[in-house]
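Working notes, beginning with the structure itself.
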There are 2 protein chains.
Amino acid sequence: MSESSFANVLVRRFFVVPAFEIYGGVAGLYDLGPSTTELRNNFLSMWRQHFVVAEDMLEIMCTNIVPDKVLQASGHVARFADVMVKDTKNGECFRADKLIESYLEKKLAAEGKSLDEDQQKALNSLLNSVDGASPEVIKELIQSMHVLSPSGNPLSDPFPFNLMFQTNIGPSAGSTVYLRPETAQGIFMNFKRGLEQAKQLPFAMAQVGTVFRNEISPRNSLLRVREFEQCEIEHFIDGTPDSFRHPKISTVAWCYVELFTADDQLAGLPCGKKMSIQNALDNKVLAHETMAYFIGRTYLFLLKLGLDPARLRFRQHLPKQLAHYARDCWDCDCLLSCGWTEIVGIADRSAYDLQVHSKASGVDLTCFLKYPEPREVSYNICTLKMKECAKVFKQDVNLIRSTIEAIQGEDLEVLKAELQSTGSYTLRIPGKDGEAEKDFEILPNYVQFNCDTKMLHGESIVPHVIEPSFGVGRILYSILEHSFYTRNIDEQRTVFRFKPYLVGCKAIVLPLQRNDDLLSTSSHVLERLRRSGIAAKQDATGAPIGRRYARADEIGIPFAVTIDFQTLEDGSVTIRERDSMDQIRVGSKQLSQVIANLSSGKVQWSTVYKHFPRCEATNAE
Amino acid sequence: MSESSFANVLVRRFFVVPAFEIYGGVAGLYDLGPSTTELRNNFLSMWRQHFVVAEDMLEIMCTNIVPDKVLQASGHVARFADVMVKDTKNGECFRADKLIESYLEKKLAAEGKSLDEDQQKALNSLLNSVDGASPEVIKELIQSMHVLSPSGNPLSDPFPFNLMFQTNIGPSAGSTVYLRPETAQGIFMNFKRGLEQAKQLPFAMAQVGTVFRNEISPRNSLLRVREFEQCEIEHFIDGTPDSFRHPKISTVAWCYVELFTADDQLAGLPCGKKMSIQNALDNKVLAHETMAYFIGRTYLFLLKLGLDPARLRFRQHLPKQLAHYARDCWDCDCLLSCGWTEIVGIADRSAYDLQVHSKASGVDLTCFLKYPEPREVSYNICTLKMKECAKVFKQDVNLIRSTIEAIQGEDLEVLKAELQSTGSYTLRIPGKDGEAEKDFEILPNYVQFNCDTKMLHGESIVPHVIEPSFGVGRILYSILEHSFYTRNIDEQRTVFRFKPYLVGCKAIVLPLQRNDDLLSTSSHVLERLRRSGIAAKQDATGAPIGRRYARADEIGIPFAVTIDFQTLEDGSVTIRERDSMDQIRVGSKQLSQVIANLSSGKVQWSTVYKHFPRCEATNAE
């Protein structure tokens, strides 16, 4: 692939352009032009079909603005940060882990061959693990390897830089809010509402939306930007061992994927192992079926988009790389010209988020989990001897009794131990309605400890959540790169081999010449296609037909419908397919149906010759 | 319509809920639940079909974050403000025009009957014109009418409050950016790129995206919120009289709409006049065909969504209400329980935006407009008499000559007049490359004035733009209100009569009882519907069938497919339609096609009895 012609066509044909270009642009902000916007709209429809509709998920839409207290509770205010270093001379800022990665990559490229296998493995292992390293680790690496800034100057001490954009809401002073760094939090906010509609676990909620991250060093076009779209799923399960199984695992068990485990990365291996999902589960490479199921579904979805399976892998996060909320995570990495890039992340967030929000908001976010059979459980209880205590505590005795009898578990052990060791326990009862709290001294002879049993029909649990999260811009960029090629016959002629069902414009209608009859017939054909629901355009510029084919190829339009002089006689047209450049002749009545079938993927181009005569390409091709 | 049951069902069935509800919510922020998100997704598909595809527009996606200089140039930093007043006792903030409107509405309601016609008209005229009034006007109104805060306290002087959210981008200090208050600016940024693809005027660009406005007093659920989605179109024309005509005007000329002109509003009339688009053009109620065309297309689109035509009107902005960039604007207002509410705005922004951005960025944003025939134009020119001047100005003479000969139009008149009146003119030439500027004294005998002619083949013009802009949340809310009703038989039973093609879930599959055979057949039917691309759900809860119908009606699912014991014998099922509650019996092989045809609107329910036997409703209904 010619990188420069790829970058050139992206801008020249208005696929992806720097935002605010006429004002010189802003780093990390890009606009999507018409062809990419169409790809994106169809991508979202396919994503909704493949995930939301097929799995009966609840898709919701939450706000971009999130109040401070929500992100305090979720841990983002304290911990959603990258480590930054500054060039001490010119003040330039860098994301420290990426700076060290690029230092190591250069070192490996320069000295790799002179190193023995163990040294290479050690460097690779370091390279694999530097992403997301702590300021302390970064500091040590910078010092030990004498890393300098790209301008050759010394670097500052590393420090965390929070990636959230902060603003104020409301008139006058307002209150602190942030732009959401992930869509997930909105789903957690609505967990109870979702459960009310779904009625039981497991169920999943989904969201498509923009997120904002004030990246320290944006780079690589759509790959590291300061705002981007995400498609996120939160799949809630009850957290029991059974709940990690998945009823549809058999539908993906056969998928053969490259899995790059944390162990393999730490061992400095350059790549993972290819195996079936079933094999990965059998060998405990994947921890459970639900994670495995989403890896399989994601893989199938990416293939449907036209990504090259040889350039996809699933890479497990190293323990140190896990986000503060995650206990396991597998990224889907896509191999691009700039290297392996995360395009999907599938995280096991356990019960972290619902737990912290329940605590911070005071709202119960548990589910009642009914046992298959009621269970008899024994428990300890401390009861007040009323005869002794009535005189001592008078009107407070009932309050004290209920308070003491509510003490359970560890707190009860503390009470017991304290009474034994010190011969006294101070019971503190908070005051009601603004009254002061009261302390009461409890002596060993006031109480007795009993063991009792009760039948439990179930318990309240905080659901666990598995989160597949898709980066829309990165996936679109991957589709662009994997679909791009140049014609063998002419390097200047570039093509995108987009799947016909993914592309926005299915057909370009071309009158052979600027002749009134051809032009009017062409407009008529265009209208007919559109009325059949086929998104089509016309190029009636009068440029040579070969030039117009090339212009359509350049933006990946899969089919060209040419109106020639025979069309004026019998209504038939030629259909040319983008990648083979082969043509068939089709009658006017069949045109819309043929294009519709080819576009939806119902009919493959390779089979159309059975039904329609192949015709010779024009000279221009 | 029972308002409380409407509000209740919106929250209870998770249509629209306050964002961050478990933390007590944030004023002006709402989340869309599953049913509304599905409506919104289908709404966007329909909007794209009706506008973008049908008119061959270029849809693009720009960023939410916009740098300061762009919004400085567009006038938003200085002028995108509402007028605010504060309660001087408790500091509460209010949007001043809305406060006065509500004061006037109360006054009219209380005293209306006792006023004569002229007094009523005067009050109505004032009510019609207070929206968007200046701080000075507001101050006068507050003083003259003694308006107090809702708590009965005196109000502060009114002052402008900018509605944009401000934040910083980049590491360390960063630069000032805003969240976009409209998507339009992103389109103007990409005008040149769009023109390159479209190749000629007229052409249109479109964008769907979120915008952010820090409303002073958010209210009425989705109607005045602090972030919302917009669908905007910028239709670029060259600004010549011919360019305001529209080739497809005949396709909407027959639309019969209520038009409420600025004049009628100022005259205190309570409503506009109903007329056809053609009539409105003939009588100059609408200024030009392009505005009229978009009004007609908008009207047709809103009808397709199921809005009640009797509750729609188009209202022209009063001159004082026009945004700083607009020279004419027609809103589509929708009558809701809280009154007439703007849901679409169609503004004539003239060449304002491209002009200010061209000036501020220094980038040429003109189009070359070729004349039908080349035009000979005469022009004046001042030439230097070289013989006289060579000696005076020496090595500077050529620079002076080229500078003088470049002076044109008004500047040339100034030069001429000054030479005549003072006998001298000072020519200032800026220094190059940091050199100081130089002044030269020009005397009358150094120059001569000539008249010359040249052939012009066209001219560079800054395109004009007509902007239809749709508020997605407001339209969705209008659909919800206009679609809501309660059954005559039982006020507790509420229904949404959503158009089947607009609703997300087309069919609910209901096994009659919790019987293993019925359940397994039901799941099978569900899977078959889904495989045919029909979004369907199942309610196998075992609640009485009538209760389950009601639950589906409550969220507007148009068709219920019931699996009963006859299904086990011959595979046939019943289909029940939501609004008529009538049922037909359909064979298993025809089911998917029948539901698909009914859902897409290809077949109307009223005609299905021709082909399928009507069957009796179950007892429960």
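Put +1 on the Cβ of each Lys and Arg and -1 on the Cβ of each Asp and Glu in chain A; which of A:L195, A:G33, A:L303 then has its Cα farthest toward the positive end of the dipole?
Among A:L195, A:G33, A:L303, the one farthest towards the positive end of the dipole of chain A is A:G33.
Nearest 5 is fine: what % of DSSP beta bridges in region B:498-610 come out antiparallel, could you say? Present the calculation step by step, with values, prior to reporting the outcome.
Numbers: 8 of 16 bridges.
So the antiparallel bridges in region B:498-610 amount to around 50 percent.
Restricting the count to DSSP beta bridges whose residues both fall in the protein assembly as shown, what percent are antiparallel, rounded to a multiple of 5? Spell out each step's value before the answer.
Values: 186 of 210 bridges.
Looking only at bridges with both residues in the protein assembly as shown, the antiparallel portion is about 90 percent.
On the protein heavy atoms, probe 1.4 angstrom, tell me the percent of accessible surface of region A:498-610 carried by carbon and sulfur.
Values: 2230 of 4560 Å².
The nonpolar share, carbon plus sulfur, comes to 49 percent.
Of A:A184, A:N124, A:S580, which is farthest on the positive side of the dipole of the protein assembly as shown, counting Cα position, with +1 on Lys and Arg Cβ, -1 on Asp and Glu Cβ, and the Cα centre as origin?
A:S580
Let me have the 222 nm mean residue ellipticity of the protein assembly as shown computed from DSSP H runs of 4+ only, each contributing -39500 (n - 2.57), with the sum over all residues rounded to the nearest 500.
On the way: 42 runs with 423 residues, N = 1242.
Calculated from helices alone, the mean residue ellipticity at 222 nm is -10000 deg cm²/dmol.
Can you bin the protein assembly as shown into rounded, prolate or oblate? Criterion: square roots of the alpha carbon gyration tensor eigenvalues sorted a ≥ b ≥ c, rounded for a/c under 1.5, prolate for a/b above b/c, oblate for the rest.
Working: a/c = 1.36, a/b = 1.36, b/c = 1.00.
Since a/c stays below 1.5, the shape of the protein assembly as shown is classed as rounded.
Relative contact order of region A:81-162, please, whole-number percent, based on alpha carbon pairs below 8 angstrom and at least 6 residues apart.
Details: 92 pairs, mean separation 41.2, N = 82.
Computed value for region A:81-162: 50 percent relative contact order.
Report B:C451's accessible area, 1.4 Å probe, all protein chains in place, as a number in Å² to the nearest 10.
Roll a 1.4 Å probe over it and B:C451 shows about 100 Å².
Considering amide H positions built from the backbone, and no H for Pro or chain starts, which residues 5 or more places from A:N168, or on another chain, come under 5 Å of its amide H?
It is A:V177, B:Q166, by chain and number.
Per residue of A:181-189, what is the mean number of Cβ atoms on other protein chains within 10 angstrom of that residue's Cβ?
Numbers: counts 0, 0, 0, 0, 1, 3, 1, 1, 9.
That works out to 2 on average.
List the trypsin sites (Lys or Arg not before Pro) in region B:331-408 that DSSP assigns to loop (not H, G, I, E or B) and whose Cβ has at most 15 other Cβ atoms within 10 Å. Which are they?
On the way: sites: B:R349, B:K359, B:K370, B:R375, B:K385, B:K387, B:K391, B:K394, B:R401; in loops: B:K385.
Passing both the DSSP loop test and the Cβ count: B:K385.
Over region A:498-610, with the other protein chains present, what is the accessible area per residue in square angstrom, probe 1.4 angstrom? Write down the numbers at each step before the final one.
Details: 4560 Å² over 113 residues.
Result: 40 Å² of accessible area for each residue.
Of the cross-linked pairs B:K121/B:K499; A:K499/B:K69; A:K391/A:K432, which ones have a Cα-Cα span greater than 29 Å in the structure shown? Don't jump to the answer; show the numbers that get you there.
On the way: B:K121/B:K499 40 Å; A:K499/B:K69 40 Å; A:K391/A:K432 23 Å.
Violating the 29 Å Cα-Cα cut-off are B:K121/B:K499; A:K499/B:K69.
For the Cα atoms of chain B, what angle does the longest principal axis make with the long axis of helix B:34-47, in degrees from 0 to 90, nearest 10?
The answer is roughly 50 degrees.
Which value, in debye to the nearest 20, describes the size of the charge dipole of the protein assembly as shown about its Cα centre when Lys and Arg Cβ atoms bear +1, Asp and Glu Cβ atoms bear -1, and nothing else is charged? Walk me through the intermediate numbers first.
Numbers: 140 positive and 156 negative charges, 406 e Å.
With Lys and Arg at +1 and Asp and Glu at -1, about 1940 debye.
What does the charge dipole of chain B about its Cα centre add up to, to the nearest 20 debye, if the Cβ of each Lys and Arg holds +1 and the Cβ of each Asp and Glu holds -1?
On the way: 70 positive and 78 negative charges, 284 e Å.
With Lys and Arg at +1 and Asp and Glu at -1, about 1360 debye.
Is the shape of chain B best called rounded, prolate or oblate, per the rule: a/c under 1.5 gives rounded, else a/b larger than b/c gives prolate, else oblate, with a ≥ b ≥ c the square roots of the Cα gyration tensor eigenvalues? Before the final figure, lay out the partial values.
Working: a/c = 2.49, a/b = 1.90, b/c = 1.31.
Here chain B falls in the prolate category.
I want the local charge near B:Q513. Using Cβ-Cβ distances under 12 Å, sum +1 for each Lys or Arg and -1 for each Asp or Glu among the other residues. Before the final figure, lay out each step's value.
Details: positive: B:R514, B:R548; negative: B:D516, B:D517, B:D564.
With Lys, Arg at +1 and Asp, Glu at -1, the net is -1.
Where the centre of each part is set by its Cα atoms, how far does region B:360-406 sit from region B:443-470, in angstrom?
12 Å
Have a look at A:G546, A:V525, A:L598 and report the one farthest towards the positive end of the charge dipole of region A:498-610, computed about the Cα centre with Cβ charges (Lys/Arg +1, Asp/Glu -1).
So the residue furthest toward the plus end is A:L598.
Using a 10 Å cut-off on Cβ atoms, rank the peptides B:328-336, B:122-130 from the highest mean neighbour count down. Kindly include the intermediate steps, with their values, before the conclusion.
Working: B:328-336: 21.8, B:122-130: 18.7.
By packing density, highest mean first, the sequence is B:328-336, B:122-130.
Give me a comma-separated list of calculated 3J(HN,Hα) values for region B:469-476, in order, Karplus coefficients 6.51, -1.76, 1.60 applied at θ = phi - 60°, integers in Hz, x for any Gly or Pro.
9, 10, x, 5, x, 5, 5, 4
Exactly which GluC sites (Glu not before Pro) in region A:554-617 are in a DSSP loop and have at most 13 other Cβ atoms within 10 Å? Walk me through the intermediate numbers first.
Details: sites: A:E554, A:E569, A:E577, A:E616; in loops: A:E616.
Qualifying residues, ordered by number: A:E616.
Considering only chain B, what is the antiparallel percent among its DSSP beta bridges, to the nearest 5?
90 percent
Loop only per DSSP, at most 13 neighbouring Cβ atoms within 10 Å: give me the trypsin sites (Lys or Arg not before Pro) in region B:507-539, ordered by residue number. Display every interim value, and only then the final one.
Working: sites: B:R514, B:R528, B:R530, B:R531, B:K537; in loops: B:R514.
The qualifying sites are B:R514.
Output wanted: per-residue J couplings in Hz (rounded whole) for region B:374-390, from phi through Karplus 6.51 cos²θ - 1.76 cosθ + 1.60, θ = phi - 60°, x for Gly and Pro.
x, 10, 8, 10, 9, 8, 8, 9, 10, 10, 8, 7, 5, 4, 5, 8, 3
Evaluate the relative contact order of region A:375-461 (contact order divided by residue number), counting alpha-carbon pairs under 8 angstrom at least 6 apart; express in whole percent. Write out the running numbers ahead of the final one.
On the way: 102 pairs, mean separation 40.8, N = 87.
47 percent.
Rounded, prolate or oblate: pick one for region A:375-461, where a ≥ b ≥ c are the square roots of the eigenvalues of its C-alpha gyration tensor, a/c under 1.5 means rounded, and failing that, prolate if a/b is larger than b/c, else oblate.
Values: a/c = 1.82, a/b = 1.42, b/c = 1.28.
Judged from the Cα gyration tensor, region A:375-461 comes out prolate (a/c at least 1.5, a/b above b/c).
Applying 1/(1 + (r/R0)^6) with R0 = 60 Å to the Cβ-Cβ distance of A:K274 and B:R12, what FRET efficiency is obtained, to the nearest 0.05?
Values: r = 50 Å, r/R0 = 0.83.
Once the sixth-power term is evaluated, E becomes 0.75.
Which order do peptides B:7-13, A:46-52 fall in by mean Cβ count within 10 Å, highest first?
A:46-52, B:7-13
Over chain A, what is the relative contact order in percent, taking alpha-carbon pairs closer than 8 angstrom and at least six residues apart?
Values: 1057 pairs, mean separation 75.4, N = 621.
Across chain A, relative contact order equals 12 percent.
How large is the accessible surface per residue of region B:375-461, computed with a 1.4 Å probe and reported in Å² as a whole number?
Numbers: 5970 Å² over 87 residues.
For region B:375-461, the solvent-accessible area averages 69 Å² per residue.
Estimate for me the total accessible surface buried between chains A and B (protein heavy atoms, probe 1.4 Å, no ligands or nucleic acids), in Å² to the nearest 100. Can you show the working numbers first?
Details: alone 30880 and 30920 Å², together 55100 Å².
Answer for the A-B pair: about 6700 Å² buried.
What is the distance in Å between the Cα centroid of region B:527-550 and that of region A:246-310?
33 Å
The values are calculated or read from the model by the stated rules, or taken from the named source; none is laboratory data. The model shown is predicted, which means the values in this text are computed figures rather than measured ones. Here Cβ is always computed from backbone atoms with ideal geometry, including for glycine, and neighbour counts include all displayed protein chains. Note: areas computed on protein heavy atoms with side chains; ligands, DNA, RNA excluded. Shrake-Rupley method; radii C 1.70, N 1.55, O 1.52, S 1.80 Å.
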